[in-house]
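Okay, structure first, notes after.
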Amino acid sequence: MSRAAALLLLLAACGRPAEESACPHDPGFDRSGVIRVRADRRPAVLRHDLGLAEIAREAAGSAGAGRAQGLTVVDNQLAFRTLVNMELSRGRTCVWFDEVHVDLTPASVSIFVPREYPVDSCEYLAVLEHEREHESVHWERLAAAAAEIERALKDARWLPARGNPLETEDRASAEAALNAKIRKVVSPVYDRYKQELGRAQADLDRPDLYQWAAKRCAGWK
């Protein structure tokens, strides 16, 4: 082979990718419309049917400053709904998310005020005001977590969307693999949210705040 021919073959090899992906990629694909995160605010159900002893059992020792006089219960949930698209390309299966919906909306929110305190009594209103603070902190932290999860998902450029599909040989397990990738992004943020929420709620139950409420009303039981 002449030197010129050898040089021509070398140039041809350099101009061709060593290993071309079977799934086409588009680095410029706009992923902003793929991600949707919601945390809808549900109205709290106000309950006056349990007594102090029952509320104490429901609180299960969460009232760090002493006996539980009221309780706010939020039934948290973390739900995913995805729309996955697949197509064959060069004999391989290419999969990606067309839609990713994350729902942090609680299933229910309940505020318990002991039945020992008549409606509109000083004690009833003091307990309700305190529990409303717990409710407010919950919604503030949840909204912040939803915004952080949405940012994290949009920033995860490796998450398969139409512009960067995942190449797979096993079509049956492809969707499970994709959902695992979502959890890899969402779970650390959600776990951090629960820890920070617990600290914020505990801060509302400081002994000095209970002492202030105790002086406010005279009919505590």
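The values are calculated or read from the model by the stated rules, or taken from the named source; none is laboratory data. Since the structure is predicted, the reported quantities are computational estimates derived from the model, not experimental observations. Positions of Cβ are generated from backbone atoms using ideal geometry, with glycine treated the same way; all protein chains shown enter the neighbour counts. To get the accessible areas, we keep the full protein, side chains included, count just its heavy atoms, and leave off ligands, DNA and RNA. Shrake-Rupley method; radii C 1.70, N 1.55, O 1.52, S 1.80 Å.
General observations
- Pairs linking a residue in the range 82-104 that is within 15 Å of I149 (Cβ to Cβ) and free of Cβ contacts under 8 Å to residues at least 60 places away in the same chain to a residue that is open to solvent by less than 40 Å² (accessible area, probe 1.4 Å) and assigned to a strand (DSSP E or B), with Cβ atoms under 9 Å and 6 or more positions apart or on different chains, do not occur.
- Counted residues, the range 135-190 - those being closer than 17 Å to L78 by Cα, free of Cβ contacts under 8 Å to residues at least 40 places away in the same chain and among the aromatic types (F, W, Y): 0
- Taken together, the criteria exclude A68 from residues that are closer than 26 Å to L197 by Cα, open to solvent by 80 Å² or more (accessible area, probe 1.4 Å), modelled with pLDDT under 85 and not aromatic (F, W, Y).
- In the range 108-134, the residues that are more than 15 Å from K221 (Cβ to Cβ) form Cβ pairs under 8 Å with partners that are of a type in the set (F, W, Y), at six or more places apart or across chains, as follows: E131/F112.
- The residues of the range 129-149 that are surrounded by 20 or more Cβ atoms within 10 Å (Cβ to Cβ) and more than 18 Å from A200 (Cα to Cα) amount to a single one, I149.
- Filtered by the rule that a residue be buried (at least 20 other Cβ atoms within 10 Å of the Cβ) and within 19 Å of G51 (Cα to Cα), the range 101-125 gives I111, F112, V113, P114, Y117, E123, Y124.
- When every residue of the range 43-53 is checked against the conditions, none turns out to be open to solvent by less than 60 Å² (accessible area, probe 1.4 Å) and either modelled with pLDDT under 85 or of a type in the set (S, T, N, Q) (or both).
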